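The values are calculated or read from the model by the stated rules, or taken from the named source; none is laboratory data. Keep in mind that what you see is a predicted model, and the values were worked out from it rather than measured. Positions of Cβ are backbone-derived with ideal geometry, glycine not excepted, and every protein chain shown enters the neighbour counts. Heads up: the accessible areas ignore ligands, DNA and RNA and are worked out on the full protein's heavy atoms, side chains in. Shrake-Rupley method; radii C 1.70, N 1.55, O 1.52, S 1.80 Å.
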Amino acid sequence: MKIETIVEKAEADSIRKAGEILKRGGLVAFPTETVYGLGANGLDSEAAAKIYAAKGRPSDNPLIIHITNRKALDTIVTRVSDKAEKLMEAFWPGPLTLIFPKSEIVPYGTTGGLETVAVRMPSHPIALAVVEAGGGYIAAPSANTSGKPSPTRAEHVWEDFCGRIEMILDGGPVDIGLESTIVDVTTDTPVILRPGYISREMLEEVVGPVEIDRALLLDDSKVPPKAPGMKYKHYAPNADLKIVEGPEEDVIKEINRLVEEGSQNGEKVGVIATEETKELYKGEFVRSIGSRQDELSISRHLFGLLREFNELGVDRIYSEAFDTPKMGQAIMNRLMKAAGHQVIWLKEKNDETV
Ligand code: TXA
Ligand code: MG
């Protein structure tokens, strides 16, 4: 069924309207500091079901419940460990999602049938205001149709959901651009299930040793990831995307060769470069993702760039790798998924292996 989607600038009036829609079981997209979220009342399984239907999301992929204050947590979870308490103290409100044992009030329709629930307190003032106006427990996945890059602008949400949700609140481009770090705090040693802006080092400074879900470190799909959503194909652009890794000079040379080869075959070839390297590439579809001096400029533009290449209708994309100091793991996790793990490795000059 087609419904009318209203897009409004996020301000007091429109946020109040969003709250009313959420309270009667409707869907509203809104900005957070990470990506735009597609919200519904997380304590109402019929409302949550609408999210799955609109996104085309597999029903075993659980949703994150967004709250605005620490007290609200006690309503939806049954146990909070000391380490969880410390992490919340340090990083909430902010881009950190924690996994807890769920209380009875949380429907399985929100948790994909799991006994645990993912909870996040966002820091974006519009997100906080919407969650509050909507009743205080808003389930919100990233506001993209399943498999597409997550939305970092209201326009991206419009592309995916026009005619399918009741409202989009426009709060401008987001700050971080990658989804929150997810940490399972139901076990003695916390485990990172999805890397994000809050890095392992930042977490370890607060609670000591933190593990990383093995599935994140291995390329094969033999180990199922603990966050169900991490197993699905994600973010894939329409074009064939490959990452080219190696010494910078060699990467530039090889990408230029590949662009030339593609053009000779009549293909449109895109390049994901940086502010530092963009002038060194040939071709019509060279785009800068940001500067290596500013990691957030890279994370912020990744998903938008993948969408832009879809619009440009390129056949192939070659990307530099972005193993930056703090967010490198999170950025490369998303880029690798978008590339279906296709990497062209160029040997280091002093690499002795034959
Ligand atoms: O930054 C974010 O987290 C954004 C904004 C909107 O808050 N939301 C977001 O939600 O990225 P979504 O649904 O796109 O990703 C949620 C991830 C999925 O991989 C899901 O499998 C995992 O969280 N997840 C949710 N509940 C879980 C649970 N109980 N146990 C393990 N993983 C869980
Ligand atoms: Mg998502």
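What ³J(HN,Hα) values, in whole Hz, does the Karplus curve 6.51 cos²θ - 1.76 cosθ + 1.60 give for segment 57-73 when θ = phi - 60°, with x put for Gly and Pro?
After applying 6.51 cos²θ - 1.76 cosθ + 1.60, I find 8, x, 6, 8, 9, x, 9, 8, 8, 9, 10, 10, 8, 4, 5, 4, 4 Hz.
May I ask for the angle, rounded to the nearest 10°, between helix 328-338 and the longest principal axis of the chain, with both axes built from Cα atoms and the value confined to 0 to 90°?
For helix 328-338, the angle is close to 80 degrees.
L217 versus T186, label points 7 Å from Cα toward the beta carbon: distance in nm?
Label at L217, label at T186, 2.2 nm between them.
For the chain, take the longest principal axis of its alpha carbons; what is the angle in degrees between that and the long axis of helix 45-55, to the nearest 10 within 0 to 90?
20
If you average the C-alpha positions of segment 153-227 and of segment 55-105 separately, how far apart do those two centres end up, in angstrom?
13
Ranked from the most accessible area to the least, with a 1.4 Å probe and all protein chains present, what is the order of R79, R200? Intermediate results must be reported in sequence, preceding the final value.
On the way: R79 135, R200 85 Å².
Output order, biggest surface exposure first: R79, R200.
So who's got an amide H within less than 5 Å of the one on D240, skipping anything under 5 residues away but keeping other chains? H placed 1.01 Å off N, in plane.
Amide H neighbours of D240, under 5 Å, 5+ apart: R316, I317.
So how strong a dipole does the chain carry about its Cα centre when Lys and Arg Cβ are +1 and Asp and Glu Cβ are -1, to the nearest 20 debye? Don't skip to the answer; put the middle values down first.
Values: 42 positive and 55 negative charges, 215 e Å.
About 1040 debye.
Starting from 0.36 nm per residue, how many nanometres of slack lie between K253 and M1 once their C-alpha separation is accounted for? Could you put the intermediate results ahead of the total?
Details: separation 252, 0.36 × 252 = 90.72 nm, distance 5.09 nm.
Gain on extension, K253 to M1, equals 85.6 nm.
Could you sort R70, R164 by accessible area so the largest value comes first, with the probe set to 1.4 Å? Walk me through the numbers on the way to the answer.
Working: R70 80, R164 105 Å².
Most to least solvent-accessible, the answer reads R164, R70.
Just read off the accessible area of K282 with the full protein assembly in place, 1.4 Å probe, to the nearest 10 Å².
Probe radius 1.4 Å; accessible area of K282 about 110 Å².
Could you list which residues have their amide H under 5 Å from that of R194, counting only those 5 or more apart in sequence or on another chain, with H placed in the peptide plane?
HN-HN under 5 Å from R194: I182.
How big is the shadow of the Cα convex hull of the chain, averaged over all directions, in nm²?
Average of the hull's projected areas for the chain equals 18.9 nm².
Roughly what % of DSSP beta bridges within the chain run antiparallel, to the nearest 5?
Of the beta bridges lying entirely in the chain, close to 35 percent run antiparallel.
Note the angle between two axes, namely the Cα long axis of helix 248-264 and the longest principal axis of the Cα atoms of the chain, as a number of degrees from 0 to 90, rounded to the nearest 10.
In the chain, helix 248-264 runs at an angle near 80 degrees to the longest axis.
Ranked by accessible surface with a 1.4 Å probe, highest first, in what order do W92, W158, W345 come?
W345, W158, W92
Quickly work out the E155-to-E46 label distance, labels modelled 7 Å from Cα along the C-beta direction, and quote it in nm with one decimal.
3.8
Let me have the 222 nm mean residue ellipticity of the chain computed from DSSP H runs of 4+ only, each contributing -39500 (n - 2.57), with the sum over all residues rounded to the nearest 500.
After summing the helix terms and dividing by the residues of the chain, the value is -10000 deg cm²/dmol.
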